[in-house]
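The values are calculated or read from the model by the stated rules, or taken from the named source; none is laboratory data. This is a predicted model, so every value here is computed, not measured. In this analysis, Cβ positions are derived from the backbone assuming ideal geometry, glycine residues included, and neighbour counts consider all displayed protein chains. Remember, those area values only see protein heavy atoms, side chains included, never the ligands or the DNA or RNA. Shrake-Rupley method; radii C 1.70, N 1.55, O 1.52, S 1.80 Å.
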Amino acid sequence: MSSVRTRIAPSPTGDPHLGTAYIALFNRCFAHRHGGEFVLRIEDTDRERSSSESERRILDALRWLGLDWDEGPGRAGAHGPYRQSERRQSYADHAAILLENGAAFHCFCDESRLAELRREQLRLKRLPGYDGHCLGLSAEEVAARLERGERHVIRLRVPREGECVFEDLLRGEIRIQWAQVDMPVLVKSDGMPTYHFANVVDDRLMAISHVIRGEEWISSMPKHVLLYDSFGWPRPVFCHMPLLRNPDRSKLSKRKNPTSIGYYQAMGYLPEALVNYLGTMGWSMPGGEEKFGIAALEQCLELERVSLGGPIFDREKLDWLNGRYLRENLDDGQFVARFAAWAFPPRLVDAIVPALRQRVDKFSEVSELGGFLLAGELQVQAEDFAHKQLDCAACRRILLFSLWQLEALPEWSRDAIKACLQELAARLDCKIRDFLFPLFVAITGRAVSVSLFDSLAVLGLDLGRARLRKAIEALGGISGKQQKRLEKEFRELGQA
Ligand code: GLU
């Protein structure tokens, strides 16, 4: 029986990210190559930032890409539940073990003491971090303060001397001075575990043999290996994959490249082409082929051969590969079928067709009125936004504020979009007709068309965002300084 088990552990705090799909792909292929299981775990211990809408979108995006899981939400297994918010008891039990064996301690320091400590450390040009104050409390005092119900957290005791040594599959031995490592909180004052603690406990309880994740987690490794050692658990194999980069080699970020998987879906990429492209990030097939499917990757993946050169996510290369899939993998009938499924999803038929039908007398008028729904990003010019009451700066402000307001929507539906934009117009004290004008042009490319709210609901946040950003650029863009000023104004509006 194979004992290889891997996992992807997204936090449901935003858009489904390309990086999540990239890491999921390598985890899934590695597990399956060795006859093992690929687990999906939802890391939702940050209750303020986590949302079920984000979780749903992440799961949908992974399914769309064909990166489904063997165990996880919706796929019962022997190690569930697979949402951390449903595993609280096990964290409490494990924290008790570490308190008992002295690896962890109660810390009663309040915010003001920690802030003061930090200020002092910065002043002395020292590394900010917990100073071990509560390690000095006697067992009696701790018991008495707990008895009184004093607010506290549980921290991990980190050595102050020596170094932490661990192995990374791609990098070999890594050493980090313990003095560089802060004593992390394991359990917050509300009883919720932190990322480090829940992540390690769950990897162990879910019998994860290989932790394959992005290199941004290397700096957390001392805390993680200390936890394994404190429990007396063997460490799994750790493999930190290289970060995806923009063509200018900066870390892939949504400012330079759309990072939401939903954007690529809305732009009409084939999931198999996107997955293939992600499979070329840091990896090359032994035969050098650039076009290959998940099954082929599964057959030959060797993590040791992943290159750390900083893979570049290049849209032009992705377009080229996607074009090859369209031409080489689909016959004419399949092309039409896949195109139709992309262009006319049920939500489009339900939301737009009833209104569109009322406005045309023959089919040949449909593309004029509704073609923008299938057009990806639009080519708009500053002149398209010419308006009696609004100049370019006013249009940019409306577009940017709308974008921020829409990004904060907990649920993407016609009614929610409508209510949020109407409220924003009222706060800006702007007539709704005038307010909606630049949005209309940005989203539909025209001054009149079918309903803006329905269109936005159908296009989705990812494409809506891309079109709003494009319009802002067409109107001259926003400088860093202007952005700061607008952010402030937007915050104040929110409090009005
Ligand atoms: N929840 C973490 C994330 O969102 C998981 C990191 C890990 O794989 O350990 O990326």
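A few notes on this one:
- The residue pairs whose first member lies in segment 12-39 and is of a type in the set (S, T, N, Q), whose second member is near the ligand (Cβ under 10 Å from one of its atoms) and open to solvent by 20 Å² or more (accessible area, probe 1.4 Å), and whose beta carbons are closer than 8 Å, counting only pairs six or more residues apart or on different chains, are THR13/ASP46.
- If you go through segment 14-57 and pick out every residue that is within 12 Å of the ligand (Cβ to nearest atom), open to solvent by 50 Å² or more (accessible area, probe 1.4 Å) and closer than 19 Å to GLN84 by Cα, you end up with 2.
- Answer residue from segment 105-119, given it is open to solvent by less than 70 Å² (accessible area, probe 1.4 Å) and part of a helix (DSSP H, G or I) and is nearest to THR194 (Cα to Cα) among those: LEU114
- Segment 189-216 - residue that is surrounded by fewer than 16 Cβ atoms within 10 Å (Cβ to Cβ) and either among the charged types (D, E, K, R) or in a helix (DSSP H, G or I) (or both) and, of those, nearest to the ligand (Cβ to nearest atom): GLU216
- Selection of segment 24-63 for residues being in a loop (DSSP other than H, G, I, E, B) and modelled with pLDDT of 95 or more yields HIS34, GLY35, GLY36, ARG41, GLU43, ASP44.
- Which numbered condition ALA31 fails, given (1) hydrophobic (A, V, I, L, M, F, W, C); (2) under 12 Å from the mean Cα position of the chain (by Cα); (3) closer than 23 Å to PRO311 by Cβ: (2)
- Among the residues listed as LEU270, LEU226, LEU205, the single one being under 25 Å from GLU43 (Cα atoms) and in contact with a helix residue (DSSP H, G or I) (Cβ under 8 Å, 6 or more places away or on another chain): LEU205
- Residue match in segment 250-260 (condition: out of contact with any strand residue (DSSP E or B) (no Cβ under 9 Å at 6 or more places or on another chain), within 16 Å of the ligand (Cβ to nearest atom) and not basic (Lys, Arg)): yes
- Between SER90, SER2, the distinction of being outside any strand (DSSP E or B), more than 14 Å from the ligand (Cβ to nearest atom) and at pLDDT below 95 belongs to SER2 only.
- Verdict on GLU111 being at negative phi, within 16 Å of the ligand (Cβ to nearest atom) and free of Cβ contacts under 8 Å to residues at least 12 places away in the same chain: no
- For segment 94-101, the criterion of a residue being within 16 Å of the ligand (Cβ to nearest atom), among the hydrophobic types (A, V, I, L, M, F, W, C) and either over 22 Å from the mean Cα position of the chain (by Cα) or at pLDDT 95 or above (or both) is satisfied by no position.
- Members of segment 346-362 found to be outside any helix (DSSP H, G or I) and either surrounded by 13 or more Cβ atoms within 10 Å (Cβ to Cβ) or touching a helix residue (DSSP H, G or I) at 6+ places or on another chain (Cβ under 9 Å) (or both), listed by number: ILE352, ARG359, VAL360
- Check on LEU67, part of a loop (DSSP other than H, G, I, E, B) and aliphatic (A, V, I, L, M): yes
- When ARG245 is tested against (1) within 26 Å of ARG469 (Cβ to Cβ); (2) open to solvent by less than 40 Å² (accessible area, probe 1.4 Å), only condition (2) is not met.
- Scoring ALA9 on the criteria (1) buried (at least 21 other Cβ atoms within 10 Å of the Cβ); (2) touching a strand residue (DSSP E or B) at 6+ places or on another chain (Cβ under 7 Å); (3) farther than 20 Å from TYR264 by Cβ leaves a single failure, condition (2).
- Looking only at segment 80-99, residues that are without any contact (Cβ under 8 Å) to a residue 24 or more places away in the chain and over 20 Å from SER138 (Cβ atoms) come to 5 in all.
- Conditions (1) within 26 Å of the chain's Cα centre (by Cα); (2) touching a residue at least 60 places away in the same chain (Cβ under 8 Å); (3) open to solvent by 60 Å² or more (accessible area, probe 1.4 Å); number of the one not met by GLU304: (1)
- Only one entry of GLY149, GLY102 meets the criterion of being at positive phi, surrounded by fewer than 14 Cβ atoms within 10 Å (Cβ to Cβ) and touching a residue at least 12 places away in the same chain (Cβ under 8 Å), and that entry is GLY102.
- Close pairs from segment 211-237: first at pLDDT 95 or above, partner within 14 Å of the ligand (Cβ to nearest atom) and of a type in the set (Lys, Arg), Cβ under 7 Å, at least 6 apart: VAL225/ARG235; TYR228/ARG235; TRP233/ARG204
- Matching residues, segment 217-244, being more than 20 Å from GLU100 (Cα to Cα) and away from the ligand (no atom under 13 Å from the Cβ): PRO222, ARG235, VAL237, PRO242, LEU244
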